[in-house]
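Inspection log for the structure reproduced underneath, given as structure tokens.
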There are 2 protein chains.
Amino acid sequence: MGGDHAPDEIVAGAALAATDGSHVLLVGPRDRLEKSLADAGAQGNPDMEIVEASDVIAMDDHDPARSVRSRKDASISVAARLVKDGRADGFFSAGSTGAALAAGVLHTGRIRGVARPAIAIVLPFAPSPTVLLDAGANADVRPEHLQNFAVLGSVFARVRLGIENARVGLLSIGEEPGKGSELVKLAFPLLEGAGVNFIGNVEGRDIPTDGVDVVVTDGFTGNVALKLLEGFAKYLMGELLQIFSASEEAKAAAKVVMPGLMELSTTLSPDTHGGAHLLGTKGVCIIGHGSSNAQAVRSALTIAAETVRAGLVAEIAKALGAAEAATEVAGGN
Amino acid sequence: MGGDHAPDEIVAGAALAATDGSHVLLVGPRDRLEKSLADAGAQGNPDMEIVEASDVIAMDDHDPARSVRSRKDASISVAARLVKDGRADGFFSAGSTGAALAAGVLHTGRIRGVARPAIAIVLPFAPSPTVLLDAGANADVRPEHLQNFAVLGSVFARVRLGIENARVGLLSIGEEPGKGSELVKLAFPLLEGAGVNFIGNVEGRDIPTDGVDVVVTDGFTGNVALKLLEGFAKYLMGELLQIFSASEEAKAAAKVVMPGLMELSTTLSPDTHGGAHLLGTKGVCIIGHGSSNAQAVRSALTIAAETVRAGLVAEIAKALGAAEAATEVAGGN
């Protein structure tokens with residue numbers, strides 16, 4: 001029920017995903033969803049099922065965490081509990097990020113050893129993408145949370161993107177171990193002991209390069225960085241458009257390179273990031289852009305299904321157990 | 001003596017600036033500087049003067065603040081003291097940012113009411129630039145420091161860029177007052193009382209837009225944002241180059257739009273930012289890119305001279321006095 005075009009586009013996207021081999025539970029008011037199903041021509045599809053939820057948390061809810069806690073019948077709360085109860089392997093929402101986050105943490109529940117679930121974003125840089133986390137779940141964190149994020153991000157890069165032994169960098173403002181905020185200085189030795197391929201501090205300019213696979217930071221800095229990338233990409237595309245419409249010659253030139261430019265623009269648009277992954281809960285959770293259309297929903301659900309099949313939750317639990325054991329051994333010496 | 005091409009390019013740039021109406025003091029080992037002056041054909045110019053400094057703090061000094069404190073004869077320390085002693089109105093360095101920062105704070109000294117000087121960067125977005133501060137001087141700050149930065153940034157935007165009543169935004173991860181980190185939540189009411197045109201929280205995506213003139217943040221987030229912009233601009237220019245070299249047709253198209261693209265690229269390059277301005281000390285202080293060539297040095301020195309003539313230090317002192325008086329009156333009610 002969440003998103004600018006909900007529920008019609010969400011249901012239409014789900015219908016497409018159901019043809020890809022997933023079984024989809026649609027959560028919301030039954031009557032409304034049946035109408036969307038009919039509009040999508042997907043009535044009677046045995047791989048689509050409606051789960052009643054009478055309440056909806058609005059996109060602009062001012063305290064989504066509180067709403068999720070108190071409104072048990074909200075669609076996002078019901079969806080998150082389906083995962084907790086084992087009726088679903090994951091959930092997707094194009095609604096309020098805060099509500100989806102709270103529902104994942106409160107209703108689905110955390111994997112043992114995860115103090116704070118984090119939002120991971122796949123930044124689609126060529127030749128290889130970069131995972132950024134936390135992209136906004138936790139505005140204030142402690143050093144041990146950053147250690148947690150390093151493990152979550154490393155497993156996610158392997159399971160979702162096939163990057164073995166992902167190079168994990170700690171976002172800072174100087175490359176040497178002693179550089180950065182107090183938080184980063186305290187986190188540095190913890191990441192060294194996290195059982196990941198920790199390559200040390202990385203700077204803002206390293207994020208788009210091929211030198212790092214997973215960038216670990218607090219949710220404040222990560223969210224600022226993510227939105228700055230979005231805003232700057234939009235700004236540059238606007239500037240390019242001006243350059244390419246400055247004269248008839250420029251317009252003709254534009255036509256030649258337009259396919260390439262469109263591809264670049266698409267790669268950098270938030271809709272093609274594949275959504276935000278909430279990592280650390282006992283299920284797969286993808287939060288889509290509010291503007292998600294049917295194709296974006298299909299893509300997110302397909303990614304969710306792939307991530308479930310790749311065993312994300314079990315792999316995270318295993319890695320955290322190993323990291324914990326390593327810490328205990330180190331502590332016993 | 002600081003920078004990749006020091007001292008020859010620095011002296012050559014200074015010689016150009018001296019023809020623009022500035023009187024330039026060159027600080028460093030006299031013999032070495034005389035050689036650079038001769039190479040630049042600027043011997044005997046009455047507007048260029050050498051001030052002896054026998055020591056130099058290296059670009060890669062691991063603890064520049066400590067070096068600046070203990071090495072009184074380092075060129076950057078001597079330069080900063082020239083300002084304190086009234087022999088110069090400001091200083092420029094293309095050397096270690098940390099050293100220039102420490103020299104400004106320790107040797108030039110702070111304006112009354114400034115707890116923490118901050119680094120301001122002019123981001124050259126069209127149609128109007130955006131001032132970002134703190135871009136890296138203070139990795140950890142308290143809410144009252146952000147209030148200080150708001151005043152520094154607002155005065156700087158007026159004096160340096162001619163923006164009257166600059167719109168000041170607090171960088172956060174949500175637009176409403178209650179959104180963000182604990183730091184930002186505590187700073188919000190302080191910025192409301194800072195005597196500036198505070199427009200509330202802004203997000204990363206707002207930085208490149210025309211909606212805000214001065215973006216206030218801590219030095220950690222600001223430095224990450226600045227370097228991310230640099231890295232992303234470089235990345236995109238690389239991608240564009242690929243698109244424009246993909247075929248003979250694309251190469252021909254590239255020629256048509258190349259002047260516009262080069263202009264965009266130049267606008268976004270760190271060399272044309274005009275340097276980093278250290279705000280809040282009793283003088284003008286500009287820190288140039290390490291790769292500064294003679295033209296970049298000339299440009300920075302000209303900006304420094306203009307900023308001195310516009311009365312930056314006095315204007316900051318006045319604004320802080322007014323803000324303080326306003327707080328006292330409010331406190332007395």
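The values are calculated or read from the model by the stated rules, or taken from the named source; none is laboratory data. The structure presented is a predicted model; accordingly, all values stated were derived computationally and were not measured. Virtual Cβ from ideal backbone geometry, glycine too; neighbours counted across all protein chains shown. What goes into the accessible areas is simple: the full protein's heavy atoms, side chains included, and nothing from ligands, DNA or RNA. Shrake-Rupley method; radii C 1.70, N 1.55, O 1.52, S 1.80 Å.
In the protein assembly as shown, the calculated helix contribution to ellipticity at 222 nm averages -15500 deg cm²/dmol per residue, counting -39,500 (n - 2.57) for every DSSP H run with n ≥ 4.
Under 5 Å from the amide H of A:S181 lie the amide H atoms of A:I173, each residue being 5 or more positions distant or on a separate chain, with H modelled from the backbone and absent for Pro and chain starts. Here the simple spin-label model places points 7 Å from the Cα toward Cβ, and for A:H62 and B:S291 these points are separated by 4.9 nm. The modelled label-to-label distance for the pair B:R142/A:E324, using points 7 Å beyond Cα in the direction of Cβ, is 3.9 nm.
Which whole-number percent gives the relative contact order of the range B:76-177, counting Cα pairs below 8 Å spaced six or more residues apart? With pairs under 8 Å counted, the relative contact order is 17 percent.
Take each residue of peptide B:232-239, count the partner chain Cβ atoms within 10 Å of its Cβ, and average: the result is 6. Legend: mean number of C-beta atoms from other chains within 10 angstrom of residue C-beta atoms, peptide B:213-226, equals 5.
What FRET efficiency, computed as 1/(1 + (r/R0)^6) with R0 = 30 Å and r the Cβ-Cβ distance, is obtained for A:E175 and A:S128, rounded to the nearest 0.05? The value I calculate is 0.90.
Compute the Cα gyration tensor for chain A, then decide on rounded, prolate or oblate, letting a ≥ b ≥ c be the square roots of its eigenvalues: rounded whenever a/c is under 1.5, prolate when a/b is larger than b/c in the other cases, and oblate in all that remain.
Working: a/c = 1.90, a/b = 1.10, b/c = 1.73.
In terms of gyration-tensor shape, oblate.
Please state the shape class of the range A:114-226: rounded when a/c is under 1.5, otherwise prolate if a/b exceeds b/c and oblate if not, all from the C-alpha gyration tensor.
It is rounded, given that a/c, with a ≥ b ≥ c, falls under 1.5.
Relative contact order of the range A:1-106, please, whole-number percent, based on alpha carbon pairs below 8 angstrom and at least 6 residues apart. Could the numbers behind the result be given before it?
On the way: 155 pairs, mean separation 30.9, N = 106.
Taking the mean separation of contacting Cα pairs over the length of the range A:1-106, I get 29 percent.
Determine, from the Cβ-Cβ distance of A:S70 and B:Q43 and an R0 of 60 Å, the FRET efficiency 1/(1 + (r/R0)^6), rounded to the nearest 0.05. Calculated transfer efficiency: 0.15.
Nearest 5 percent is fine: what portion of the DSSP beta bridges confined to chain B is antiparallel? Working shown, then result.
Working: 10 of 31 bridges.
If we restrict to bridges inside chain B, about 30 percent are antiparallel.
Report the local net charge at B:G153: Lys and Arg +1, Asp and Glu -1, summed over other residues whose C-beta lies under 12 Å from its C-beta.
Details: positive: B:R158, B:R160, B:R167; negative: B:D134, B:D213.
Once positives and negatives cancel, what remains is +1.
Near B:V27, the amide H atoms lying under 5 Å from its own belong to B:V51; only residues 5 or more places off or on other chains count, and H is placed 1.01 Å from N.
Taking a point 7 Å out from the Cα of A:K35 in the direction of its Cβ, the residues of the range A:7-22 whose backbone N falls within less than 12 Å of it are A:7-8.
What pairs in A:K282/B:K179; A:K234/B:K227; A:K234/B:K318; A:K185/A:K227; A:K185/B:K227; B:K35/B:K282 have C-alpha atoms more than 29 Å from each other? Too far apart for the 29 Å limit: A:K234/B:K318; B:K35/B:K282. Take the alpha carbon atoms of the range B:1-49, find their center, do the same for the range A:154-195, and report the distance between the two centers in whole angstrom. Centre-to-centre distance over Cα atoms comes out at 44 Å. Here A:M258 sits with roughly 70 square angstrom of accessible surface, probe radius 1.4 Å.
The value given for the range A:1-62 is a Kirkwood hydrodynamic radius of 11.8 Å, derived from the mean inverse Cα-Cα separation.
Summing charges over neighbours of A:R205, with a neighbour being any other residue whose Cβ is under 11 Å away from its Cβ, gives -2 when K and R count +1 and D and E count -1. Within the shell of other residues whose beta carbon sits under 15 angstrom from the beta carbon of A:K282, the net charge comes to +4, with Lys and Arg scored +1 and Asp and Glu -1.
Of the beta bridges in the protein assembly as shown, as assigned by DSSP with both residues counted there, near 30 percent are antiparallel. Indicate the gyration tensor shape class of the range A:63-124 (rounded, prolate or oblate), computed on the Cα atoms with a ≥ b ≥ c the square roots of the eigenvalues: a/c under 1.5 is rounded; otherwise a/b larger than b/c is prolate and the rest oblate. The shape class here is rounded. Averaging the sequence gap over all C-alpha pairs within less than 8 Å and six or more residues apart, then dividing by the number of residues, gives chain A a relative contact order of 23 percent.
Sorted by accessible area (1.4 Å probe), largest first, how do A:T267, A:T307 line up? Don't skip to the end; give the middle numbers.
Details: A:T267 50, A:T307 5 Å².
From most accessible down to least: A:T267, A:T307.
The peptide list A:308-314, A:23-29, A:76-82, put in order of mean Cβ contacts within 10 Å with the highest first, becomes A:76-82, A:23-29, A:308-314.
Distance between the 7 Å Cα→Cβ label points at A:M262 and B:N165: 4.5 nm.
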